[in-house]
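Only one structure is covered here, and it is reproduced in the block below.
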């Protein structure tokens, strides 16, 4: 409401300038004919000065509050975006078309702020100004007001033609924008920069970057050319309309239909009138129409129907059952897992092993309810996995996050709402193999800032992985999933960690995913995956006693643990 009020009074201040200017010139004309004294001239000058001061005050307030308004709207829109993304299924992020739509909606969110402010300005600033000015000109001579409308309406219609062109541009440019942004990251991102340079492929990625950027620029050029032709036509119409009004003003004052003061006031303000109209149509409305396609993507995204299905707590002492489960990723015909019938009993430690690409991680995510089965079902007791809350579940992923925060915050983020208990943080560090008293890089202990982004210390992959493990161990849970948790840790240290895991997983249901078999023999049960199927199931001793994948893999890796 404040922004609307400022916009409205800004428009009024412009109209008042015209009215007071006419009053001043009429008084000046009367003074030249000795009809009034000089004190009345001073009075009108004072009124004119006050109006100009009012305008500049409102203009300053408008510029200031526009920034505040933009930040406030951006916060609200970001909250809507984050909330909607938080409701997306994990499998949706595996769909290229879905990623493109999300990218377009995020791009639209950034532009929505200024489209909203443009619409408010059109309604409460420009419209108010043009309505008052039309009324003023109509009182002077009706044809003057009609001429403004005659020029204004065709210009608006011209802008409407641009909407579809820029809508199509956004649809076509989204995949190209994602492409060149990706290549840009390959050239500038810290994680990929070293390898890119070492392999000598900087020029290769540069070519890919410029190629995608040129294709995007070609799309933009065609639309911008069309835009320029429209603007040229608009400018011709504006100049013709401007000349017609000047001619009518001249004939009106010569025929004594309007006063000298009115002529001078309108002549002085007519440039502003057409500058406003040109800015409104060629800039504000033009910009809005160019970005309506983007904002529509954002509105479509946040207005997508969201399932109101309630989330239930994981039933206590329940088994996890998979019945005829199959899953395939979007945009592929290959089954990532298939024919899975499995029961994980309560408090059981299950190891899922197999070669890379065998479907271990995918099966694990299906079990956790992150991916909904394409066929079959996963249940916790009598509750489907996708309806079970993750509040009492802890996970250590292979592709863990490296948060540019303190060591303590990196660990506590797994249960950030819980009151800080530093003793619990230190215990999690100990269980994960982080020796606070001996690690030289942890000069400030658990308060050491990590990551170079904000001046912290950088860590090795193995050190970061231990922190990810500590994060998973810190979280209070009855169900813990360890997805390749020791991939960056040497086999001997891995054995020590798995021995600790065995203690930590007592009285919990646990799943350990690994392609390294030296320590999974500690599990109560081991299943072996191959090509998305379970090909073996049993204890370490049972699987070693039979020919098959497990014994072959274990024999190949045994030297690592000898």
Largest-first ellipsoid semi-axes for segment 359-426, taking √(5λ) over the Cα gyration tensor eigenvalues, angstrom: 30, 15, 8
Spacing of the two label points (7 Å from each Cα toward its C-beta) at residue 33 and residue 85, in nm: 7.1 nm
Using a Förster distance of 35 Å, the FRET efficiency for residue 222-residue 139 (Cβ separation, nearest 0.05): 0.15
Gain upon complete extension [residue 211, residue 521; 0.36 nm per residue less C-alpha separation]: 106.5 nm
Gyration tensor verdict on segment 350-397 (Cα atoms; rounded if a/c is under 1.5, prolate if a/b is larger than b/c, oblate otherwise): oblate
With Cα atoms, 0 to 90° folded angle of helix 202-254 axis to the chain main axis: 20 degrees
Theoretical gain in end-to-end length, residue 500 to residue 250 [0.36 nm per residue, Cα-Cα removed]: 80.5 nm
Alpha carbon Rg of segment 500-562, scaled by the compact-globule rule 2.2 N^0.38 Å: 1.13
Rounded if a/c under 1.5, otherwise prolate or oblate - segment 425-475, Cα gyration tensor axes: prolate
Helical contribution to [θ] at 222 nm, DSSP H n ≥ 4, -39,500 (n - 2.57), averaged over the chain, rounded to 500: -20500 deg cm²/dmol
Label zone at residue 311, where the point sits 7 Å out along the Cα-to-Cβ direction: segment 396-415 residues whose backbone N lies under 16 Å: 414-415
Residue-span extension gain [residue 417 to residue 54] - 0.36 nm each, minus C-alpha spacing: 125.7 nm
Ranked packing of 104-113, 515-524, most packed first, by mean Cβ within 10 Å: 104-113, 515-524
Calculated FRET efficiency for the pair residue 75/residue 19, C-beta based, R₀ 30 Å, to 0.05: 0.15
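Can you say what percent of the DSSP beta bridges in segment 445-546, counting only those with both residues inside, are antiparallel? Round to 5.
Values: 5 of 11 bridges.
Here the antiparallel bridges make up roughly 45 percent for segment 445-546.
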Prolate/oblate/rounded label for segment 298-383 (Cα gyration tensor, a/c 1.5): oblate
Antiparallel DSSP beta bridges within the chain, percent to nearest 5: 45 percent
Descending Cα extents along the principal axes, the chain, whole Å: 120, 54, 50
Cα centroid separation, segment 92-126 to segment 205-222 (Å): 23 Å
Simple spin-label estimate for residue 544 and residue 267 in nanometres, 7 Å along Cα-Cβ: 10.6 nm
Angle in degrees between helix 422-431 and the longest Cα principal axis of the chain, rounded to the nearest 10: 50 degrees
Degrees, to the nearest 10: 549-561 long Cα axis against longest axis of the chain: 90 degrees
Spacing of the two label points (7 Å from each Cα toward its C-beta) at residue 96 and residue 458, in nm: 3.3 nm
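Only the coordinates and a few stated rules stand behind these numbers; no lab work does. Quick caveat, the model's predicted, so the values are computed rather than measured. Cβ atoms come from the backbone with ideal geometry, glycine included; neighbour counts cover every protein chain shown.
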